[in-house]
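> My structure is below; once you've seen it, I'll send some questions.
Please treat every number below as a calculation from the coordinates, not as lab data. Computed from a predicted model, the values in this text were never measured in an experiment. Cβ atoms come from the backbone with ideal geometry, glycine included; neighbour counts cover every protein chain shown.
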Amino acid sequence: MEFKVIELEKEPIDFDLQFQPGSIDYVEEAVQSGPLSTSGRAEVLHEHHGPKQIISDIRLKGHFAGNFEVPCARCVEPVATSLQGDFDLIFRPVGADSGRSERSITAEETEIGYYQKDSLLLEDVLREQVLLSLPARTLCKPDCKGLCPRCGLNRNTDSCSCEQEASDPRWEALAGLRGTIKS
């Protein structure tokens with residue numbers, strides 16, 4: 001869905017949509033496994049930058065929820081993850097801040113995004129919000145054994161006959177600590 005400034009100037013646009021799997025590309029970070037629901041409102045905010053310069057910012061406020069599969073950090077098998085979140089974002093035209101003298105910015109200004117060609121795609125905003133909502137590290141199970149570093153075999157399902165690499169002698173001083181540390 002595209003929000004055009006000229007349309008938002010007339011009136012805010014409320015949205016309540018579902019995006020089917022495959023309609024938004026999350027690269028390799030996640031795979032959408034069901035519909036992604038989103039609802040909210042888009043509106044224009046006028047920001048005055050001097051007596052004759054008015055910038056049309058797009059404010060996008062809403063909620064999203066959906067089911068995804070993300071790769072396990074150890075074995076790369078897909079792990080089902082449910083995500084949801086709220087967003088309240090401001091987007092400014094590209095170049096609106098250029099030419100301004102160098103100055104420090106406020107914390108609120110770090111949250112400003114930019115749009116091109118007088119419009120903003122909801123799909124781009126949702127992609128960013130989903131990717132930001134992903135857990136930093138996902139495991140298929142707490143004791144996941146991961147992949148064999150030599151042959152790439154998933155150690156959770158099979159055992160391989162690869163030789164275990166001899167440990168680096170520089171680490172031998174720490175080898176005895178593993179059993180003494182309590183989790």
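> Determine, for 180, 157, the number of other Cβ atoms within 10 Å of each Cβ, and report the residues in order from fewest to most.
180, 157
> Order of 115, 26 from fewest to most other C-beta atoms within 10 Å?
26, 115
> Here's a follow-up. For region 2-133, place one equal point scatterer on every Cα, skip the solvent, and apply the Debye formula. What is log10 of I(q)/I(0) at q = 0.17, 0.18, 0.20, 0.22 Å⁻¹?
So the normalised log intensities work out to -0.94, -1.01, -1.15, -1.30.
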